[in-house]
Amino acid sequence: MGFIGKRYYDYNSFIKSHFGERVQKISLDVGFSCPNRDGSKGFGGCTYCNNNTFNPEYCKPRKSIRWQLEQGMQFFAKRGKNNKYLAYFQAYTNTYSDSESLKELYLEALRVPNVVGLVIGTRPDCISDEIIDFLELLSKKYFISLDFGVESTNEATLLTVNRCHTYSDTVNAYQKCMNKGFHLGAHIIIGLPGETREEGLLHAIELSKLPINTLKIHHLQIVKNSVMAVQYKRNPEIFNLFALEEYVDFITDFIGYLRHDISIERFISEAPKDLLIAPKWGGVRKQEILDKIDKMLIKKNSWQGKFYIQNLESSGREILH
Ligand code: SF4
């Protein structure tokens, strides 16, 4: 596959080729909870989680979906020309309710003019057959993306961070959802406690085996009001947080192991300054980081999929040696 102007398949290129123009996502918070917070799977949530880190100002769960989308459209209209929007069900677990309520919420978003699709973020252990069938139906008319928080492909890490689901759950969820006509996304966090650089690269190999179309990569950030904030204060030595240059070096290797047809939507986390505890990269802008990644890929003469091996049955560990 040829990448347009990049050595990796960036999400903007995917969106432009799919829609023929720029399409803006608008984040929504419809007041869902999360089974890892309300006790049905666990209490206290994943140790890195503070949901306030990903809610923009216009997201107010007590406001209607239409209101939030219209506020989002006004906000983005000031920044540039957008004619089409995707309603992004982002905060907490956006398939965690009864099926009828979920269907009504998704349809409410799709009834707002200029909304051309949905992006739904959820956990891999929280998707019903009924909702999969409904999304399959919607995807005949709209762009639908179901994004699972994978976070790690390592079972031990998922336990450590109190994720309350397994990597097997993740694999099963993708198997159920594949070939249904909707897009499949994944989130991964790089640098969770206990994971070495090699473990991080193994994620690229394991993720490449899943039927995913899009990947969001986040470097671990410790944020206020998370369990990790307390752990970090007490035992900073259990964390191996990335310095910026180290991360650029790592991520350019990671890209090499990633299947070439997975579009990459992000490379970093961007917690609000007032919530971020560590690592602090001196206010460097996202675009500067992307430029560094581009330059490093050129320097290494690498590109997405350079080291990808198709039909790899093994864990992939041996190919890192
Ligand atoms: S990261 Fe997601 S699954 Fe984990 S506690 Fe937060 S909202 Fe729940």
Only one of D253, D291, D261 that is open to solvent by 50 Å² or more (accessible area, probe 1.4 Å) and in a helix (DSSP H, G or I): D291
Spot the failing condition for P35; the list is (1) open to solvent by 20 Å² or more (accessible area, probe 1.4 Å); (2) at pLDDT 90 or above, and only one is missed. (1)
How about region 181-200: which of its residues are under 21 Å from Y11 (Cα atoms) and in contact with an Asp or Glu (Cβ under 9 Å, 6 or more places away or on another chain)? G181, F182, H183, L184, G185, A186, H187, I188, I189
Is one or more of the residues making up region 156-167 free of Cβ contacts under 8 Å to residues at least 24 places away in the same chain, within 13 Å of the ligand (Cβ to nearest atom) and not small (G, A, S)? yes
When every residue in region 264-284 that is free of Cβ contacts under 8 Å to residues at least 40 places away in the same chain and more than 19 Å from N50 (Cα to Cα) is compared, the one surrounded by the most Cβ atoms within 10 Å (Cβ to Cβ) is W281
From I131, I120, which residue is within 16 Å of the ligand (Cβ to nearest atom), closer than 19 Å to S33 by Cα and free of Cβ contacts under 8 Å to residues at least 40 places away in the same chain? I120
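Name the single residue that is nearest to C126 (Cα to Cα) among those in region 38-47 being more than 7 Å from the ligand (Cβ to nearest atom) and crowded, with 18+ Cβ neighbours inside 10 Å. Even if it seems obvious, please write down each step before you answer.
Start the filter on region 38-47 by keeping residues that are more than 7 Å from the ligand (Cβ to nearest atom), which leaves 38-44, 47.
Those left that are additionally crowded, with 18+ Cβ neighbours inside 10 Å: 41, 47.
On the way: K41: 10, T47: 19 Å.
It comes out as K41.
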Which residue is nearest to R37 (Cα to Cα), if the candidates are limited to region 134-147 and must be touching a strand residue (DSSP E or B) at 6+ places or on another chain (Cβ under 6 Å) and of a type in the set (F, W, Y)? F143
Among residues belonging to region 86-95 that are within 16 Å of the ligand (Cβ to nearest atom) and in contact with a strand residue (DSSP E or B) (Cβ under 7 Å, 6 or more places away or on another chain), point out the one that is most open to solvent (accessible area, probe 1.4 Å). Q90
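Is it the case that some residue within region 52-70 is open to solvent by 50 Å² or more (accessible area, probe 1.4 Å), in a loop (DSSP other than H, G, I, E, B), more than 16 Å from the ligand (Cβ to nearest atom) and hydroxyl-bearing (S, T, Y)?
Residues of region 52-70 that are open to solvent by 50 Å² or more (accessible area, probe 1.4 Å), as a first pass: 52, 54, 57, 60-64, 66-67, 70.
Next, only the ones that are in a loop (DSSP other than H, G, I, E, B) stay: 57, 60-64.
Right, trim to more than 16 Å from the ligand (Cβ to nearest atom) and you get 57, 60, 62-64.
Applying the additional criterion that residues be hydroxyl-bearing (S, T, Y) yields 64.
The answer is yes; a qualifying residue exists.
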Got a number for residues in region 237-250 being in contact with a strand residue (DSSP E or B) (Cβ under 9 Å, 6 or more places away or on another chain) and either assigned to a loop (DSSP other than H, G, I, E, B) or over 28 Å from R7 (Cα atoms) (or both)? 3
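The values are calculated or read from the model by the stated rules, or taken from the named source; none is laboratory data. It should be emphasised that the depicted structure is a prediction, and the values quoted were computed from it without experimental measurement. All Cβ positions, glycine included, derive from the backbone under ideal geometry; neighbour counts span all protein chains shown. Areas reflect the complete protein model, heavy atoms only, side chains present, ligands, DNA and RNA absent. Shrake-Rupley method; radii C 1.70, N 1.55, O 1.52, S 1.80 Å.
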